[in-house]
Amino acid sequence: MKKNLGRVFLIVSIFLQASLFASTYEWSSFVSKKSAYVNEAIHLKYICTFSDLAELYSIDFNPSGDYKNYRIEILRESSSIVDGKKINSYEFVFFAKDAQEIEIPLYAVMKKTTKESIEEMVIGRDNVKKEDVSKTRVELERLKLSIKETNTTFVGDFTIKVDKREPKVRAFEPYHLRVDIRGEGSFEAIEPLVFEIEGVRVFAGEVALKTELSKDGVKGEWSQKFAFVSDKDFTIPKLEITYFSLKDEKLQQLTIDAVDVKVESGFVKEELLDKVDDKKWHFELSYLYYLLTFIAGYIAAKVKIKREPKPKNRDELFYNNIESATSLDELMVLLVLKDAKKYDSLIKDIEAKRVVSLKKTKAMCREFK
């Protein structure tokens, strides 16, 4: 087969240039700090600078991962040409899990494509069965760090905000509370909060977490919502979350102050009706009955009465509220208020996230026995 002269000329030019000016490279490294606390962010940067454009070279280098005593997360990597030289840059963030003197060897694999591989790619030779690439394993400067103890894995600098309304509700009306923790540090170390209050049903929402990795660590916001339901006064207890402040270099607390919730009695049937003195009205009521019967019969015969639609009974109102619910948490509160014992298994399924479809759960409410 006749070879394309342009392609042949390109190959000859490449290898003539490569033979006269063989690429060389040099690695350099940067570590933001040599001493740090457990779970404190350490910024790592490694740069490979070539002597030319290094068209034949590629690099395998990614030590990121979750290891026994530490974890490394990749921040960014880039490749650029500066003054005719190829520069590959790699940035990572290192977090130690334990207090220790640590030394970690890091390696990069330099991959260089051969003449045969170029010919296979450009000319399309048929006798090359596999990619022919030479690989050189290069040991980079060892990472040597001194890691100090913190007595907690929750490390960084944070602020806390508690959103709450006036601590006054009616019986079985949910009292809502939301906890927000913002800052920079090891958000993954925060456990879901737990409130245990005798005589109070506590509904805890799932933790919401938004984070962003930077060279200084993990910045973000952690939040969790709660609903407390009871028929009598209760106190949400004070809660303290201990963390190690990198700014102050000591243990600090994020505090959720205690909340005394006043529960007012809900309306009951007896409160909506006037009391009747049975002894006083016993005989008079019988006469009144006959009088009203006579009047009603007369009016029915003489006057056409426009019938008003019957008011919806409690079950219909309950199912209308069920259909209007916009979340599983809201639906769960309605079930508790209606009949916590009857709907106990369904309430538990919602709490345990065994049911996730709002539409299907509404249908289950109507079919529930």
Could you please tell me which pairs satisfy a Cβ distance under 8 Å, a separation of 6+ or placement on different chains, a first residue in segment 42-68 that is free of Cβ contacts under 8 Å to residues at least 24 places away in the same chain and outside any loop (DSSP other than H, G, I, E, B), and a second residue that is open to solvent by less than 50 Å² (accessible area, probe 1.4 Å) and basic (Lys, Arg)? Gly65/Arg71
Which one is most open to solvent (accessible area, probe 1.4 Å), of the residues in segment 129-159 that are under 26 Å from Glu26 (Cβ atoms) and out of contact with any Lys or Arg (no Cβ under 9 Å at 6 or more places or on another chain)? Arg137
Being modelled with pLDDT under 80, within 27 Å of the chain's Cα centre (by Cα) and assigned to a loop (DSSP other than H, G, I, E, B) is the filter here; which residues of segment 326-352 pass it? Ala352
Among the candidates Asp260, Asp248, Asp233, residue that is under 14 Å from Tyr175 (Cα atoms), at pLDDT 95 or above and either surrounded by fewer than 11 Cβ atoms within 10 Å (Cβ to Cβ) or of a type in the set (S, T, N, Q) (or both): Asp260
Determine whether Asn62 is among the polar types (S, T, N, Q) and on the phi > 0 side of the Ramachandran plot. no
Of the conditions (1) surrounded by 17 or more Cβ atoms within 10 Å (Cβ to Cβ); (2) in contact with a helix residue (DSSP H, G or I) (Cβ under 7 Å, 6 or more places away or on another chain); (3) over 22 Å from Asp344 (Cα atoms), Tyr243 satisfies every one except a single condition; which number is it? (2)
Within segment 52-77, how many residues turn out to be open to solvent by less than 70 Å² (accessible area, probe 1.4 Å) and within 30 Å of Tyr37 (Cβ to Cβ)? 11
Can you report the number of residues in segment 1-49 which are charged (D, E, K, R), modelled with pLDDT of 80 or more and surrounded by fewer than 16 Cβ atoms within 10 Å (Cβ to Cβ)? 3
Taking segment 74-113, which residues are within 15 Å of Ser23 (Cα to Cα) and either touching a residue at least 60 places away in the same chain (Cβ under 8 Å) or of a type in the set (Lys, Arg) (or both)? Lys85, Lys86, Met110, Lys111, Lys112
What pairs can you find where one residue is in segment 142-171 and without any contact (Cβ under 8 Å) to a residue 24 or more places away in the chain and of a type outside the set (Lys, Arg), the other is in a strand (DSSP E or B) and open to solvent by less than 60 Å² (accessible area, probe 1.4 Å), and their Cβ atoms are less than 9 Å apart, with a gap of 6+ or different chains? Asp163/Leu177; Asp163/Val179; Asp163/Asp180
Please work out which one of (1) open to solvent by 80 Å² or more (accessible area, probe 1.4 Å); (2) touching a helix residue (DSSP H, G or I) at 6+ places or on another chain (Cβ under 7 Å); (3) closer than 19 Å to Ala204 by Cβ is the condition Arg366 fails and give its number. (3)
Residues within segment 191-217 that are open to solvent by less than 20 Å² (accessible area, probe 1.4 Å) and either touching a helix residue (DSSP H, G or I) at 6+ places or on another chain (Cβ under 9 Å) or closer than 28 Å to Glu91 by Cα (or both), tallied: 3
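The values are calculated or read from the model by the stated rules, or taken from the named source; none is laboratory data. Please read these numbers as outputs of a predicted model, since none were measured by experiment. Please note: Cβ atoms are built from the backbone with ideal geometry, for glycine as well, and neighbour counts cover all protein chains shown. Protein only, heavy atoms only, side chains kept; ligands, DNA and RNA dropped before computing areas. Shrake-Rupley method; radii C 1.70, N 1.55, O 1.52, S 1.80 Å.
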